[in-house]
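Derivation of every value follows stated rules applied to the coordinates shown; laboratory data play no part. In this text, all values refer to a predicted model and were calculated from it rather than measured experimentally. Cβ coordinates were reconstructed from backbone atoms using ideal geometry, including for glycine residues, and neighbour counts include every protein chain displayed.
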């Protein structure tokens, strides 16, 4: 499922922005980017994301959006130069003050920036707020996905009912065809009506798909429950869709009927559309 969340927080003298994005993925693929997030902070961010998201390719970006963080803070450069130039004259140093010297002194004190546990405590509110926004956008998409999956499921329910009607007369139809073909052999030496009846009964049993239809109805009902359930149901929905496909294949194989095969093809096409949408569900 896709989503986006963003929040900013003051961390010492810096202002850090946290952006969290997610796109569709079969599992959870988490990437944390940004020089501002050290190893400890990265581990805590990962823990927070995994507690909130179970499926999707999630990227977390931590950026310093303080003044001068992405460019040159001219006022600070001038102020640093002025102080250094004043000290040079006071100490009677002949060497002129260059930009390299100014840059070196501008980094003094930055080592005291927040890091580790202190950085995480400062970033935590922004991470939690960005995650809440991400989840809200994912839920909005989830409602649309549930409606679309529900529509595909309704079509499959209708096709299952048509399969039940199409397969009901198969055994009787086979019996009539067999009887018609064997009429010419009745009364001939070796003709055994009992044996023929036994073979007809065995074939009728092979053509019976009532159990598969019951399981198909059960899986379709379960898919409807999952599509409307709260929480992470994507993997369960994947499994149920796989089982629906298995029952459809068995029905087509056992029925040995062109009309049933056509209905199964329509059902499998609809199921594939449902599967593609289910891949987006957490």
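What order, most packed first, do the peptides 89-95, 99-105 have when packing is the mean number of other Cβ atoms within 10 Å of each residue? Mind dumping the intermediate values first?
Details: 89-95: 7.7, 99-105: 12.9.
Ranking, from highest mean packing down: 99-105, 89-95.
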>> Ranking request for peptides 49-58, 223-232: highest mean number of other beta-carbon atoms within 10 Å first, then the rest in descending order.
In response: 49-58, 223-232
> Roughly what would the spin-label model give for residue 269 and residue 165, points 7 Å off Cα along C-beta, in nm?
Replying inline: 1.9
>> Give me the one-decimal nm value for the distance between modelled label points at residue 211 and residue 239, 7 Å along each residue's Cα-to-Cβ direction.
In response: 2.1
>> Suppose each label sits 7 Å from its Cα in the direction of the beta carbon; what would the residue 140-residue 87 distance come out to in nanometres?
In response: 5.2
>> Between residue 218 and residue 57, what's the calculated FRET efficiency when r is the beta-carbon distance and R0 is 41 Å? Round to 0.05.
In response: 0.80
> R0 = 45 Å: FRET efficiency of residue 172 with residue 133, Cβ-based, nearest 0.05?
Replying inline: 0.15
